[in-house]
Each structure stands twice: as C-alpha cells, then as structure tokens.
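Asks: Mind looking over this structure? Questions follow.
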Amino acid sequence: SKKSKMDFVTVGTEFVNHYYQTFDTNRAGLSNLYTADSMLTWEDEQFKGVESIMEKIGSLSFQKIQHQVFRMDFQPSIGGSILVSSTGQLLMDEDSNGIPFAQSFVLNQANGAWYVHNDIFRLNIMA
C-alpha cells in the first residue's frame, strides 16, 4: 500500500539525515543508535556491539568531518526492518576534495525505537 511505502521511506530518510548530522557534529551521540546485536563493517574490519562500534568510530583520525549525501535508497525488509543505502562524499578536516563513500544499514525496531542492526561502510577509492 502507499502508506507502508511512505512509512519506510520517511523512516529511512529521517534516519540518514539524523545519523550523518550526529556523526558530523557529535560522534559520541551515535551510541544511542546501536545495540548489543548491532554489527559494523568498516572497510575490512568487523565490530559487534555498541562498545566495539563506538570505539572504532571514536578512533577515526579526522578532527572535522562532513558527509554530503547524494543518493539514498530504501526497501522494506524481513520482519519489518528497513534496508538503507546511501552514497555521497566525505569532506575531512580542511580538505576540499571529497572522497566518495557508500554506506548501507539495516534498521530494526526494539521497544518501539529504530536502531542500526547492520552497518557497512566503504570508501570508494580505486586501490
């Protein structure tokens, strides 16, 4: 139905905007979006659970970061979850040349709140 389509697109869009705004302004605030069941794949490394994920995110070396999102795609997925795909570029510190990135999430609900169950991040660097 049109309503359910609208719902997953709305939830996905609001999530992506909130995630990158929080990442860019207060990385520690992302801890509310992960649970003990969450998994992050960052380039070729995997992290499970809030502490491990936040340790990785906190260890990233830039002082200043800006995500510019060019495209977002959403699909309703199994068990009421939502698959989210975003692409864009990262501007780090004072560098004006953006680095292309792709990130995918599976959002799931627990106790009425959405959280990140799966998170895969990849810089699109030809190397």
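Asks: So if each residue of separation counts as 0.36 nm, and I subtract the Cα-Cα distance between K64 and N17, what length gain in nm does that give?
Replies: In short, 15.2 nm is gained.
Asks: Return the long-range amide H neighbours of S77 (sequence gap of 5 or more, or a different chain), with a cut-off of under 5 Å between placed amide H atoms.
Replies: Counting only residues 5 or more places away or on other chains, the set is I82, L83.
Asks: Counting other Cβ atoms within 10 Å of each Cβ, which GluC sites (Glu not before Pro) in the range 1-60 have at most 16 and sit in a DSSP loop?
Replies: E43
Asks: Could you report the accessible area of H18 in Å², rounded to 10, computed with a 1.4 Å probe on the protein chains as they sit in the structure?
Replies: Here the residue's solvent-accessible area equals roughly 90 Å².
Asks: While we're looking at this one, here's another question. Out of G98, G112, G12, any idea which swings most in a Gaussian network model of the chain, alpha carbons joined below 10 Å?
Replies: Residue with maximal mean-square fluctuation among G98, G112, G12: G112.
Asks: Between 0 and 90 degrees, rounded to the nearest ten: what's the tilt of helix 50-59 against the longest Cα principal axis of the chain?
Replies: 30
Asks: So how tilted is helix 2-25 from the main axis of the chain? Cα-based, degrees 0 to 90, rounded to 10.
Replies: Rounded to the nearest ten degrees, it is 30.
Asks: Per residue, how much accessible surface does the chain expose to a 1.4 Å probe? Answer in Å², no decimals.
Replies: With all protein chains present, the chain gives 60 Å² per residue.
Asks: Just to be sure I understand, if you calculate log10 I(q)/I(0) by the Debye sum over Cα atoms at q = 0.09, 0.10, 0.13, 0.21 Å⁻¹ for this structure, which of (i) -0.46, -0.56, -0.84, -1.16; (ii) -0.33, -0.40, -0.61, -1.14; (iii) -0.25, -0.31, -0.52, -1.36 do you get?
Replies: (iii)
The values are calculated or read from the model by the stated rules, or taken from the named source; none is laboratory data. Note that this is a predicted model, so its numbers are computed, not measured. All Cβ positions, even for glycine, are placed from backbone atoms using ideal geometry, and neighbour counts span all protein chains on display. These area figures cover heavy atoms from the full protein model, side chains too; ligands, DNA and RNA do not enter into them. Shrake-Rupley method; radii C 1.70, N 1.55, O 1.52, S 1.80 Å.
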